[in-house]
Amino acid sequence: MPAIVVIGAQWGDEGKGKATDLLGERLKWVVRYQGGNNAGHTVVLPDGQQFATKLIPSGILTPGVTNVIGNGVVVNPGALLEELHGLQERGVDTAGLLVSADAHLIMPYHVAIDKVTERYLGKAKIGTTGRGIGPCYQDKVARVGVRFQDVLDEKILRQKVEAALDIKNQILVKVYNRKALDPDEVVDTTLAQVEQFADRISDTRLLLNQALERGETVLLEGSQGTMLDVDHGTYPFVTSSNPTSGGACAGSGIGPGRISVVLGILKAYTTRVGSGPFPTELHDEMGERLRKVGGEVGVNTGRDRRTGWFDAVIARYATRVNGITDYFLTKLDVLSGLDRVPICVAYEVDGFRAEDMPMTQTDFHHAMPVYEEMPGWFEDVSGCRTFAELPANAQAYVRRLEELSGARISVLGVGPGRDQTIVRHEILP
Ligand code: IMP
């Protein structure tokens, strides 16, 4: 049985939790491989209960699945505890959650630095979630980060925190005029927090490879999206990790040959949170309508999402960069009731037509969408369970997106519920 990667094809918030949830019963393992508690996955269970997971893989809501926070994830231990307690209070069995010994911890100084840096940047700010994600990944790459395995050895933890704070406190105090953090307090808090889930710290890379050897199905769940990837996204307006499918191997410790399905999650229109270019963004009442009908408010930060029409240039790019084999098109129901539905098929950049993502950010900033309009539909599609039940114009819209995106649209979402899904092609072999 294969490993499957699920990734966001746009700027995140495409509804990845729903895809994981759909495959849930056939999965043995669900792995988060990058990002941290900047993400937010919403899942609505058949009984109507709604859950929003941030750091914990959405497979936690499917009994029998082992959930892994992989080595590529950055973990705020306080946030993890809060999420665990929240799930436990609602009766969710969290026994099957493991945390990689190599995952890095988001420390209090990472959060402090994220916030002051954004303030300092003023108008040029990235619009981060303020959760310390970027500063934590900076420390990881600079080889001064703190991993879970370090917390298991108090002496090492103390050394690492003291060394980190020697420099960070100078930055906090002298550059940003903030209070210094006390190393003992940071160490004690971290120990007290991690102690509560120390039994979950594991060699997840070994366990995942053994599971694949046994023929068990592993789903690797990306957070954020292709356009927020630090290498392939709209840099610098990106997150500090690799949500694209290549990141799944590095962030979990399995080889690329194991991956047989790359499922891209694509919203039937586009949204973005935070700063940065967004060619099809709507600043009018249509944008407001998409935001309202689509419930486009961040699960994690409560920020309004920016909204716009579907951008096929981005979808084509995502197909290529991730090697997408199948798409799950979400939120088709949100587009019901429109006379015409525009699709951005190309850009015009400084007078030239561009079918593909421009090479430079400068050109992407100047990209003007070239629209093709499809006839809309007025029927409520949320009760449709087969493709044939969809209005002819909705079917035509989906077929056109498929043609433009370069990969088959195998599943459609027509509402937030677990059952509000249309399967056109089976994703798992
Ligand atoms: P950071 O990940 O907090 O550093 O934020 C960097 C950028 O990624 C900002 O534009 C955030 O709004 C965006 N971002 C981070 N996580 C998510 C997510 O789960 N969905 C959508 N945007 C996100």
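The values are calculated or read from the model by the stated rules, or taken from the named source; none is laboratory data. Just so it is clear, the model here is predicted, and its values are computed rather than measured. Every residue, glycine among them, receives a Cβ derived from its backbone with ideal geometry; neighbour counts consider all protein chains shown. Protein only, heavy atoms only, side chains kept; ligands, DNA and RNA dropped before computing areas. Shrake-Rupley method; radii C 1.70, N 1.55, O 1.52, S 1.80 Å.
Over the range 160-286, Cα pairs under 8 Å with separation of 6+ residues give a relative contact order of 14 percent. Computed over protein heavy atoms with a 1.4 Å probe, the accessible surface of the chain works out to 41 Å² per residue.
In this label model, Thr94 and Val175 are separated by 3.4 nm, measuring between points 7 Å along each Cα→Cβ vector. Annotation: aspartates and glutamates with alpha-carbon distance below 18 angstrom to Lys155 (same-chain offsets under eight excluded): Asp102, Asp166, Asp182, Asp184, Glu185, Asp188, Glu195. Restricting the range 195-297 to trypsin sites (Lys or Arg not before Pro) that sit in a DSSP loop and have at most 14 other Cβ atoms within 10 Å of their own Cβ leaves Arg214. Pairs over the 28 Å Cα-Cα cut-off, from the set Lys54/Lys267; Lys123/Lys160; Lys54/Lys140; Lys28/Lys54; Lys16/Lys140; Lys54/Lys115: Lys123/Lys160. Projecting label points 7 angstrom from Cα along Cα→Cβ for Ala392 and Leu191 puts them 7.3 nm apart. Expressed in units of 2.2 N^0.38 Å, where N is the residue count, the Cα radius of gyration of the chain is 0.98.
Of the DSSP beta bridges with both residues in the range 212-365, give the percent that are antiparallel, rounding to the nearest 5. Can you show the working numbers first?
Details: 8 of 15 bridges.
Counting only bridges with both partners in the range 212-365, antiparallel ones make up about 55 percent.
From the alpha carbon centroid of the range 223-239 to that of the range 52-67 is 24 Å. Placing a label point 7 Å from the Cα of Ala250 along the Cα-to-Cβ direction, the residues of the range 72-105 with a backbone N closer than 14 Å are 72-74. Taking the accessible area of the range 307-380, probe 1.4 Å, and keeping the other protein chains in place, the carbon and sulfur fraction comes to 54%.
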